[in-house]
Amino acid sequence: GVTGSRSVDYDHHAQLSDQERLALFGDLRSCPVTHSARHGGFHVVARYDEVVGVLREPETFSSAQGVFLPDLTNGVRTVSLEQDPPEHTATRRLYAEMLSRPNIDKAADDIRALARRYVEELADRGGDFVTAIAHRVPVEAIAVMIGFSGSTVERVRYLTEQLWARLTGDTSKVDSQAPPLSSVFLKELEWRRREPRPDFLTRLTRLTREDLDGQPVTDRFLIAFLTGAMVAGHETTMNASANLAYQLSIDPELQSRLVDDPALISGAIDESLRFRSPVQSFVR
């Protein structure tokens, strides 16, 4: 229950310094339930046990009505992210397969090559890490893992950014000439049906009702699944890599340690995901 919860002036969209952010999170954790009047009013749970409790009780705390506040997506629900069991269970299983170790290993050389190319370009010319690396590598890496054609890999970043601009109503960034991602994905699926290959995209074209726990396999579902993969991978991994780069930029000593001992890099990435999580709140 939420009786007796206290009120704070908390806005999860506010831009805060590290010091302000950590102090605020500490304050939120001091009480099991907090209420904010922002964005029409909402309650906050910020402690580990309460958060886990919410996540494990989809019958009470649903994702299917949307996980963003305010909801700017005009009711368009993202596959997996904005679903509850049992639908969520089947699509989550598919995403887990797409991101499985064998599938990553198969794409690793291509992903390393594209990452190296962009890093070398930045090193040669200078510039902004977010624009040159974080915007490009994650979304193109996912396109490679799925098995998209080279031409789609090259433009999927731009089309994903266009999708975000349309979803959030940012008309200043909308390119009326850009084709919707859905039409590009449909062409890719049709191509794979004609020319199967040993990749995840071909696997998607061969799904049966059994793979989706009895749900019908439609082009609409497949397009929504691929859109979810691109949007989630683009936004979160872009933020995660940019956050780590920012931490290194303000902590030269840490940067030197990683240069001197590359074996520490993997742990630094994990710690960065904890300390500067790319997604710091969700709505249920």
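The values are calculated or read from the model by the stated rules, or taken from the named source; none is laboratory data. Predicted model only: the values in this text are computed from it and were never measured. Every residue, glycine as well, gets a Cβ built from its backbone with ideal geometry; the counts of neighbours run over all protein chains shown. Remember, those area values only see protein heavy atoms, side chains included, never the ligands or the DNA or RNA. Shrake-Rupley method; radii C 1.70, N 1.55, O 1.52, S 1.80 Å.
Figures for the structure shown
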item: In Hz, Karplus ³J(HN,Hα) per residue of the stretch 240-247 (6.51, -1.76, 1.60; θ = phi - 60°; x = Gly, Pro); result: 4, 5, 5, 4, 5, 4, 5, 4
item: Whole-number accessible area per residue in Å² for the chain, which is evaluated in the context of all protein chains at 1.4 Å; result: 59 Å²
item: J(HN,Hα) series, the stretch 152-159, from Karplus relation 6.51 cos²θ - 1.76 cosθ + 1.60, nearest Hz, glycine and proline x; result: 6, 4, 5, 10, 5, 4, 5, 5
item: Gyration tensor (alpha-carbon) shape descriptor, the stretch 137-284, a/c threshold 1.5; result: prolate
item: The stretch 8-55, relative contact order in percent, only Cα pairs under 8 angstrom and at least six apart counted; result: 35 percent
item: Anisotropy class of the chain from Cα gyration tensor, a/c 1.5 cut; result: oblate
item: Most positive-pole-ward Cα, V54, S36, M98, against dipole of the stretch 10-147 from beta carbon charges; result: M98
item: Whole-Hz couplings from phi, Karplus 6.51/-1.76/1.60, listed for the stretch 76-90; x for Gly and Pro; result: 6, 9, 7, 4, 6, 4, 10, 9, 10, x, x, 4, 4, 4, 5
item: Whole-angstrom gap from the stretch 125-156 to the stretch 4-26, using each part's C-alpha centre; result: 34 Å
item: Percent accessible area from carbon and sulfur atoms, the chain, protein chains only, probe 1.4 Å; result: 54 percent
item: Contact order relative to length of the chain, as percent, for alpha carbon pairs under 8 angstrom and 6 or more apart; result: 17 percent
item: Residues whose placed amide H lies under 5 Å from that of H35, excluding near-sequence neighbours; result: R6, S7, V8, V44
